[in-house]
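**Q** Could you have a look at this structure, given as structure tokens, before my questions?
We did not get these values from a lab; they are worked out from the coordinates using the rules stated. In this text, all values refer to a predicted model and were calculated from it rather than measured experimentally. FYI the Cβ positions are ideal-geometry reconstructions off the backbone, even for glycines, and counts take in every protein chain you see.
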């Protein structure tokens with residue numbers, strides 16, 4: 001029924017997946033959502049519940065939550081193929097795709113791998129993989145292990161530094177967020193880290209045909225906002241929207257985020273501008289100049305203030 005979340009166990013190619021479907025009343029294609037690293041589907045529940053008409057599909061990555069760990073490690077292309085199998089199993093011929101943080105990389109891979117299946121693309125708090133502008137060393141160190149998912153005291157200590165935004169001013173958010181975490185396994189988390197090791201979308205971002213919405217938190221210690229400028233500058237049909245929050249704005253501002261996403265997905269006036277591979281390549285190269293030039297200007301201003 002519309003508005004309800006249905007949770008099912010579905011087997012795709014021998015891999016069992018824990019799948020949650022928020023049923024919507026709209027007539028647009030459903031939204032396939034890729035979650036962040038170590039995150040079970042329940043962590044995205046506030047966002048799913050905030051959608052007013054969109055049918056949204058999310059699944060636990062193998063080795064996380066209710067999806068058993070696979071025998072062997074995998075790559076983003078493997079997960080994209082698994083997700084395409086899930087879409088076919090559910091009977092859809094066209095979908096929209098969204099991904100947050102680690103899941104944003106998988107969303108980019110899916111859009112590249114299945115351009116005819118993916119209508120529109122939403123990238124949130126994410127980057128082009130190994131070629132991203134990284135977070136600070138202290139932040140990256142906190143991401144190496146899944147300890148924050150298993151040790152609630154540790155999560156309380158690091159949440160503000162790791163996620164930024166509202167987590168800095170509202171300590172109660174940490175407890176609510178931590179209460180929804182479960183089912184992460186050390187080896188499953190390691191598989192997720194290995195999946196994106198060395199992976200980058202930079203060589204082919206210019207070729208993505210989908211209308212794309214890039215959402216970034218203005219106070220994101222984990223994925224610096226400049227990565228959103230890179231994505232929006234290199235994807236031909238992309239726009240960037242900044243959210244006045246941190247890395248987990250989808251959790252802290254679910255209603256606002258859902259409204260922005262649904263407006264983007266429903267905007268019939270948007271059209272993909274036809275372009276040749278050569279013009280897309282020119283757009284890709286041209287996008288690098290203002291992106292990195294702006295970063296140098298910001299660094300110069302910081303040095304001047306010092």
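**Q** Tell me, what is the percent relative contact order of the range 60-131, built from C-alpha pairs under 8 Å that lie six or more residues apart?
**A** Taking the mean separation of contacting Cα pairs over the length of the range 60-131, I get 28 percent.
**Q** May I ask you to give the average projected area over all directions of the convex hull of the Cα atoms of the range 36-109, in nm² rounded to one decimal?
**A** Seen from a random direction, the Cα hull of the range 36-109 projects 5.3 nm² on average.
**Q** Report the FRET efficiency, 1/(1 + (r/R0)^6), for residue 268 and residue 133, where r is their Cβ-Cβ distance and R0 is 35 Å, rounded to 0.05.
**A** 0.50
**Q** Using just the helices of the chain, give the 222 nm mean residue ellipticity in deg cm²/dmol: DSSP H runs with n ≥ 4 each add -39,500 (n - 2.57), and the total is spread over all residues, rounded to 500.
**A** Calculated from helices alone, the mean residue ellipticity at 222 nm is -12500 deg cm²/dmol.
**Q** Mind checking Rg over Rh on the range 136-221, alpha carbons, Kirkwood formula for Rh?
**A** Result: Rg/Rh = 1.03.
**Q** Follow-up. Rg (Å, one decimal) plus Dmax (Å, integer) for the alpha carbons of the range 94-250?
**A** Calculated on Cα positions, Rg and Dmax stand at 15.7, 45 Å.
**Q** Taking the chain as a Gaussian network, where each spring joins two C-alpha atoms under 10 Å apart, which residue of 210, 108, 15 fluctuates the most?
**A** Fluctuation is largest for 15.
**Q** For the chain, set up a GNM with springs between Cα atoms under 10 Å and report which of 86, 234, 140 has the largest fluctuation.
**A** Answer for the Gaussian network model of the chain: 140.
**Q** Right, something else. Any chance you could run the full-extension gain for residue 8 through residue 114? It's 0.36 nm times the residue separation minus the Cα-Cα distance, nm to one decimal.
**A** Working it through step by step, the gained length comes to 35.7 nm.
**Q** Let me ask something else. How long is the gain from residue 200 to residue 187 if the chain were fully straight, where each residue apart is worth 0.36 nm and the alpha carbon distance is subtracted?
**A** That pair, residue 200 and residue 187, stretches by 2.4 nm at full extension.
**Q** Given labels modelled 7 Å from the Cα in the Cβ direction, how far is it in nm from residue 16 to residue 179?
**A** Going by the 7 Å Cα→Cβ label model, 2.9 nm.
**Q** Scattering from the C-alpha atoms of the range 42-157 alone, worked out with Debye: what is log10 I(q)/I(0) at q = 0.22 1/Å?
**A** For the range 42-157 at q = 0.22 Å⁻¹, log10 I(q)/I(0) is -1.51.
**Q** Place a point 7 Å from the Cα of residue 145 along the Cα-to-Cβ direction; which residues of the range 175-193 have their backbone N under 12 Å from it?
**A** Under 12 Å, as judged by backbone N against the label point of residue 145, lie 186 of the range 175-193.
**Q** Ratio of Rg to Rh for the chain, alpha carbon only, Kirkwood?
**A** Ratio of gyration radius to Kirkwood radius for the chain: 0.95.
**Q** Right, next: Taking the chain as a Gaussian network, where each spring joins two C-alpha atoms under 10 Å apart, which residue of 206, 102, 141 fluctuates the most?
**A** It is 141.
**Q** Run through the DSSP bridge list for the range 5-305 and note the antiparallel percent, rounded to the nearest 5.
**A** Working: 13 of 36 bridges.
Approximately 35 percent, going by the DSSP bridge assignments.
**Q** Another one. Can you order the peptides 168-180, 143-155, 31-43 by their average number of other Cβ atoms within 10 Å per residue, highest first? Could the numbers behind the result be given before it?
**A** Working: 168-180: 13.8, 143-155: 16.2, 31-43: 24.5.
Peptide ranking by packing, descending: 31-43, 143-155, 168-180.
**Q** Now a separate question. What is the distance, in nm, between label points placed 7 Å from the Cα along the Cα-to-Cβ direction at residue 1 and at residue 154?
**A** Placing both labels 7 Å along Cα→Cβ, they lie 4.2 nm apart.
**Q** If one computes the Cα centroid of the range 131-151 and of the range 238-266, what distance in Å separates the two points?
**A** Value for the Cα centre distance between the two parts: 23 Å.
**Q** While we're on this one: Find the relative contact order for the range 5-305 and round it to a whole percent, using C-alpha pairs within less than 8 Å whose residues are 6+ positions apart.
**A** On the way: 587 pairs, mean separation 57.7, N = 301.
Worked out over the range 5-305, it gives 19 percent.
**Q** A further question on this structure: Once you have a ≥ b ≥ c as the square roots of the Cα gyration tensor eigenvalues for the range 105-175, tell me rounded if a/c is under 1.5, and otherwise prolate or oblate according to whether a/b is larger than b/c.
**A** Prolate.
**Q** Looking only at Cα atoms, what is the convex hull volume of the range 10-70 per residue, in Å³?
**A** On the way: hull volume 4.7 nm³, N = 61.
Per residue, the Cα convex hull of the range 10-70 comes to 77 Å³.
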